[in-house]
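The values are calculated or read from the model by the stated rules, or taken from the named source; none is laboratory data. Computed from a predicted model, the values in this text were never measured in an experiment. We place every Cβ from the backbone using ideal geometry, glycine too, and count neighbours over all the protein chains shown. Areas reflect the complete protein model, heavy atoms only, side chains present, ligands, DNA and RNA absent. Shrake-Rupley method; radii C 1.70, N 1.55, O 1.52, S 1.80 Å.
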Amino acid sequence: MFQLGQAAEKCKDWDLAIHIYQRTFYPGVRARLIRTFEKNGQSLQALDLLNEALTAPENEAELQQLQRSAPRLQRRLGHKQVGVANPSSVERMDLQLPYPGEAYSVENVVRDFLHRDDAPVFYVENSLINSLFGLLCWKAIFKPVSGAFFHPFHRGPVDLTSVDFYARRQDIFEQCFNQLETGEYATTILQTYVEKQGMQSPFVFWSLLDHTLIDLALTCIPASHLKLWFTRILSDVKLNRNGFPDLIQFWPQEKRYNMIEVKGPGDRLQDNQKRMMEYCLTHQMPIAVCYLEWCEVSL
């Protein structure tokens, strides 16, 4: 039904698209219906639905989209515009470094500059938290749910991004998450890392993992933070596996960490990165943005 509605939109058959969208509750349909109302000249209906959606957004992405559409609809209807609160302030790091004389990536340049023996820095992006989740919840992810696997070479279940992925495996996911409360999670993650080494998984990035990185992560990232990360991934696997910061720095003696998003000259934060930062700030999880500029250019 959702795809049929999109097809009607592409044909600019707004009435048909609205007719279809109003008969399905598939995730994302509400935002499409608001936009289709607007394209069909039904701005009042669009704003009414938008205001209703703002009271209970289905996820962070929808909220972000609604907040972006609201001023335009309010302006079109001559309503008083209600401003959206500015994003909370994220720790900002400004660096000016010499321009590298050879091939480089800005992430690795910043990593090497910040790295210290007592506070190592790793380029991890989406790999670390997803991998820890995949290692802890391996049994849940690969639970032999009916229809999830139909040949021996699946990298993951075919319903991975479906709306009921979690619900169909809730019992085992709860068992995995309980280990974050009891302290058993570290042993499970390390055992799975050894036992499943190299086996395909939609979450585990084997090429970027080693014992050193895992040990540092388990030492420095509190179980309560891991639970928040893992809960967020499960709330929308399709959207929330991405957007993690580029770097992570550990202070093992102090058992703390910081995640750092790196932006080179002219680069800006993407929508999924902004949502990630708001989530971290809401839950008091350490995160920063590092803006890199070159102080000289080698010819």
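For region 223-233, the set of residues classified as free of Cβ contacts under 8 Å to residues at least 60 places away in the same chain and buried (at least 21 other Cβ atoms within 10 Å of the Cβ) consists of 232 only.
Of all the criteria given as (1) charged (D, E, K, R); (2) open to solvent by less than 60 Å² (accessible area, probe 1.4 Å); (3) under 14 Å from residue 129 (Cβ atoms), the one not satisfied by residue 236 is (3).
In the set 245, 265, only one residue is crowded, with 19+ Cβ neighbours inside 10 Å and not in a strand (DSSP E or B); that residue is 245. The single condition from (1) open to solvent by 50 Å² or more (accessible area, probe 1.4 Å); (2) among the polar types (S, T, N, Q); (3) at pLDDT below 80; (4) farther than 23 Å from residue 161 by Cα that residue 74 fails is (1).
Per the conditions (1) open to solvent by 10 Å² or more (accessible area, probe 1.4 Å); (2) within 24 Å of residue 27 (Cα to Cα); (3) more than 18 Å from the chain's Cα centre (by Cα), the sole criterion not satisfied by residue 140 is (1). Among residues of region 126-137 that are on the phi > 0 side of the Ramachandran plot, none has a Cβ under 6 angstrom from a residue that is among the charged types (D, E, K, R) and crowded, with 23+ Cβ neighbours inside 10 Å at a sequence gap of 6+ or on a separate chain.
Taking the residues in region 18-56 that are among the hydroxyl-bearing types (Ser, Thr, Tyr) and in a loop (DSSP other than H, G, I, E, B) as candidates, determine which candidate is farthest from residue 8 (Cα to Cα).
Quick first cut of region 18-56, residues among the hydroxyl-bearing types (Ser, Thr, Tyr) only: 21, 24, 26, 36, 43, 55.
From what's left, in a loop (DSSP other than H, G, I, E, B): 24, 26.
On the way: 24: 14, 26: 16 Å.
Once the filter is applied, the top-ranked residue is 26.
In region 175-222, of all residues being farther than 15 Å from residue 139 by Cα and among the polar types (S, T, N, Q), the one that is surrounded by the most Cβ atoms within 10 Å (Cβ to Cβ) corresponds to 219.
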